[in-house]
Amino acid sequence: MKPVVSAILTLSKGRIKLAGTKLPFKASEKFIKANGEVSFYDFGRNFQSWFLPKEEKALGPTSLRGHKLLQNAKDSEIIRELGGEEKAETTLVELYGMLKRQSRGQKGVLLINGWANIFYIRDVSGILRAVYVDWVGYGWFVLASALDDDSWCEGFQVFSRNYVKAA
């Protein structure tokens, strides 16, 4: 039985180890349709303007956790249940590392059924945003939205650095 993290989240994926990168990560060089490592379908306008100009520092090995939504929820509710922004926040390096593992839509940790895989990442201006990816048949669709723009649906998956154990 998977541990229930809260009323709205359950731990769906244990520790997911990621290698990180030894060099700075330039979003504009990786999140492109002509990428030989990952098949991309398209990028939403918000993602393009908020994240493509971003460069992240090299990041050593990290690990993430996957959480399944047990009910519809807004970003603020999810972030609170994860223990706040610091624990919910991930990076473009980590997102890209996850996408590389399922570069052609093969089975793995990320959902490939058209449902959202949600990551909370700071944009080029330092604002925490919801970045979500879904597989659309022959490529990853990468989008971004302001927090609480909408509710996420039960069954979607959220990734974070940590999780709060049920009391």
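The values are calculated or read from the model by the stated rules, or taken from the named source; none is laboratory data. Keep in mind it's a predicted model, so treat the numbers as computed, not measured. Heads up, the Cβs are rebuilt from the backbone with ideal geometry, glycines too, and the neighbour counts pull from every protein chain shown. Quick note on the areas: whole protein, heavy atoms, side chains included, nothing else; ligands and nucleic acids left out. Shrake-Rupley method; radii C 1.70, N 1.55, O 1.52, S 1.80 Å.
If you go through the range 69-84 and pick out every residue that is of a type in the set (D, E, K, R) and modelled with pLDDT of 95 or more, you end up with 3. Among the residues making up the range 71-126, those that are among the small types (Gly, Ala, Ser) and over 20 Å from Gln48 (Cβ atoms) are Ala73, Ser76, Gly83, Gly84, Ala88, Gly97, Ser103, Gly105, Gly108, Gly114.
Looking at the range 53-75 only, could you name the residues that are touching a residue at least 60 places away in the same chain (Cβ under 8 Å) and more than 29 Å from Thr10 (Cβ to Cβ)? The answer is Pro53, Lys54. Scanning the range 12-27 for residues that are surrounded by 13 or more Cβ atoms within 10 Å (Cβ to Cβ), touching a His at 6+ places or on another chain (Cβ under 7 Å) and within 22 Å of Arg161 (Cβ to Cβ) turns up at least one hit.
If you go through the range 97-128 and keep only what is open to solvent by less than 10 Å² (accessible area, probe 1.4 Å) and touching a residue at least 60 places away in the same chain (Cβ under 8 Å), you end up with Met98, Leu99, Ile121, Asp123.
Condition (residue is of a type in the set (A, V, I, L, M, F, W, C), within 17 Å of Leu110 (Cβ to Cβ) and either open to solvent by 70 Å² or more (accessible area, probe 1.4 Å) or part of a strand (DSSP E or B) (or both)) applied to the range 36-46: is it met by at least one residue? Yes, the conditions are met somewhere in the range 36-46.
Applying the condition of being in contact with a helix residue (DSSP H, G or I) (Cβ under 9 Å, 6 or more places away or on another chain) and more than 12 Å from Phe25 (Cβ to Cβ) to the range 53-62 and asking which residue is most open to solvent (accessible area, probe 1.4 Å) yields Pro53.
Could you name every one of the strands (runs of 3 or more DSSP E) located completely within the range 82-158 that has at least 2 residues being closer than 20 Å to Ser12 by Cα? Show your work before the answer.
Numbers: elements: 117-122, 128-135, 140-145.
Hits in the range 82-158: 117-122, 128-135.
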